[in-house]
1. Note down the accessible area of Ile78, probe 1.4 Å, to the nearest 10 Å².
2. Can you list the residues, at least 5 places off or on another chain, whose amide H is less than 5 Å from the amide H of Trp28, using H built in the peptide plane?
3. Count the net charge of all other residues whose Cβ sits under 11 Å from the Cβ of Pro121, scoring Lys and Arg as +1 and Asp and Glu as -1.
4. Hey, could you get me the Stokes-Einstein D for region 1-59, Kirkwood radius over alpha-carbon pairs, 4 °C and 1.567 mPa s, rounded to whole µm² s⁻¹?
5. So with the 1.4 Å probe, I'd like the accessible area per residue for region 49-105, rounded to whole Å².
6. Give me the net charge for the shell around Glu24: Cβ to Cβ below 12 angstrom, other residues only, Lys and Arg +1, Asp and Glu -1.
7. Skipping prolines and chain starts, which residues have an amide H placed within reach, meaning under 5 Å, of the one on Ala91, given they are 5 or more residues away or on another chain?
8. Sort Leu59, Leu96 by heavy-atom solvent-accessible area, probe 1.4 angstrom, most to least.
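The values are calculated or read from the model by the stated rules, or taken from the named source; none is laboratory data. Predicted model only: the values in this text are computed from it and were never measured. Heads up, the Cβs are rebuilt from the backbone with ideal geometry, glycines too, and the neighbour counts pull from every protein chain shown. To get the accessible areas, we keep the full protein, side chains included, count just its heavy atoms, and leave off ligands, DNA and RNA. Shrake-Rupley method; radii C 1.70, N 1.55, O 1.52, S 1.80 Å.
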Amino acid sequence: MKYLVMVQGSQDEYDAMTGTASAESPAWTGQDVQAMFAFMRDLNEELARSGELVDGNGLTEPARTRFVSPGTGGHPVIEDAPYARTDVLLAGYWVLDCASLERVTEIAARIARCPQPEGAPVRPVVIRPIEGEDSELTDAAG
């Protein structure tokens, strides 16, 4: 079964990774950032070797996010930054093809232990099964 595994972050956290501390997060050092990237690289390589990695990417900072909503008269409403610096948005994801929920949970627990400086926010790693042919929604539409 395929799963979407997601990590989250705020603009303040992205700023912290470039050395700017906030009330939410201490400034990261270059060594902190290198440790995080090494951890992610090693994890991705392991998941690729096991055949479980379908896709995965880190996302750019929230300040570069665009929200598109339906507007009136067929014109969409486009907002570039309608959130506070501390609002949490998707920061990165993996699409994993795992044999079981238990296996993807083991991987998520490992992701949750990614190195970061003391005092940085700890966010949950989110697991969402990806709809497939045997899902309740597919059955309901069927």
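1. Ile78 has an accessible surface of roughly 90 Å² with all protein chains in place.
2. Met17, Thr18, Gly19, Thr20
3. Cβ neighbours under 11 Å give a net charge of -2.
4. 99 µm²/s
5. Heavy-atom accessible area per residue stands at 66 Å².
6. Around Glu24, the charge tally is -2.
7. Amide H neighbours of Ala91: Val7, Gln8, Gly9.
8. Heavy-atom accessible area, descending, gives Leu59, Leu96.
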